[in-house]
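The values are calculated or read from the model by the stated rules, or taken from the named source; none is laboratory data. Note that this is a predicted model, so its numbers are computed, not measured. Note that we place each Cβ from the backbone using ideal geometry, even for glycine, and neighbour counts take in every protein chain shown. When the accessible area is computed, the model is the full protein with side chains, heavy atoms only, and any ligands, DNA or RNA have been set aside. Shrake-Rupley method; radii C 1.70, N 1.55, O 1.52, S 1.80 Å.
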Amino acid sequence: MPNTHTPLIDLSVHHEPVDFSDRIALGFTKLLRFCADTFFAKRYGHRAIVLETVAAVPGMVGATITHLKCLRRMCGDQGWIRTLMEEAENERMHLMTFIHVAQPTWFERAVILGVQWVFYLAFFALYLISAKTAHRVVGYFEEEAVISYTHYLAEIDEGRSPNVPAPAIAKHYWQLPDDATLRDVVLVVRADEAHHRDVNHGFASELAGLPVDPARIAPYPVHADDIRLAA
Ligand SMILES: [Fe+2]
Ligand SMILES: [Fe+2]
């Protein structure tokens, strides 16, 4: 049964590639999806932790580069900087939540270290070369995140992953009831990802000069203003 904290989202959104850069972004995403599927198989808790350490990078890179561009050009940002910084913070809260659900192995911690070096530098370079492609990559990443969290929900619903009580940090951040469970958490995390998906596809389309319909952006769940109060 859907809880009242989770906005209804369209799970089937897919941006059809319209040009070469879109195809590169989609191909790159599918390659990473294959690597993740091979590495994690059905260990969804571990998968969430490692991939959220990656997901929290692009927003901060985009915010930094947009901030620097606005300083140089002395122009407004149309709200992009705060949106991207908030996205990075939200992804970090996904990580801080799932760390209470699964513990990464030492090997996974080593992978996180190596991947962060490579991904931060590569994404920074990509954003400088083509911000449009960079946002399209994130849009496609988020499409995959929505699919992965849907699989995670099925694992919980079919009893293969225990539906443990929601961590306190998650109950605070998403303002969930006291008796919330992991299932409720995965539902709101998936809604966050759907929102990021539509925002980033929208940014990419805007940069490409394509029409963007703000009404088609998936609604964002409610988040606590002060995440430092999180237990
Ligand atoms: Fe996330
Ligand atoms: Fe995301």
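Numbers below:
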quantity: Dipole-positive endmost among 189, 28, 159 within the chain (Cβ charges, Cα centre); calculated: 28
quantity: Reduced Cα scattering model of segment 121-231, Debye log10 I(q)/I(0), q = 0.11 Å⁻¹; calculated: -0.46
quantity: Helix-only mean residue ellipticity at 222 nm for the chain, each DSSP H run of n ≥ 4 adding -39500 (n - 2.57), per residue, nearest 500; calculated: -23000 deg cm²/dmol
quantity: Length released on extending from residue 14 to residue 164, taking residue separation times 0.36 nm less the Cα-Cα span; calculated: 50.8 nm
quantity: Residue 86 paired with residue 41, simple spin-label distance in nm, labels 7 Å along Cα-to-beta-carbon; calculated: 4.0 nm
quantity: Carbon/sulfur fraction of accessible area - segment 177-231, other protein chains in place, 1.4 Å, %; calculated: 54 percent
quantity: Net lengthening on full extension, residue 68/residue 99 (0.36 nm per residue, minus Cα-Cα); calculated: 7.9 nm
quantity: Diffusion constant of segment 1-100 at 25 °C, which comes from Stokes-Einstein with the Kirkwood Cα-pair radius and 0.890 mPa s, µm²/s; calculated: 150 µm²/s
quantity: For the chain, average projected area of the Cα convex hull in nm²; calculated: 12.9 nm²
quantity: Per residue value of the accessible surface for the chain (all protein chains in place, 1.4 Å probe), Å²; calculated: 52 Å²
quantity: Accessible surface of segment 107-169 [probe 1.4 Å, protein heavy atoms]: carbon and sulfur percent; calculated: 72 percent
quantity: Dipole of segment 61-124, positive end: most advanced residue of 120, 64, 94 [Cβ charges, Cα centre]; calculated: 64
quantity: Nearest-0.05 FRET efficiency for residue 207 and residue 151, computed from C-beta distance (R0 30 Å); calculated: 0.45
quantity: Segment 24-85 - percent of accessible surface contributed by carbon and sulfur, probe 1.4 Å; calculated: 69 percent
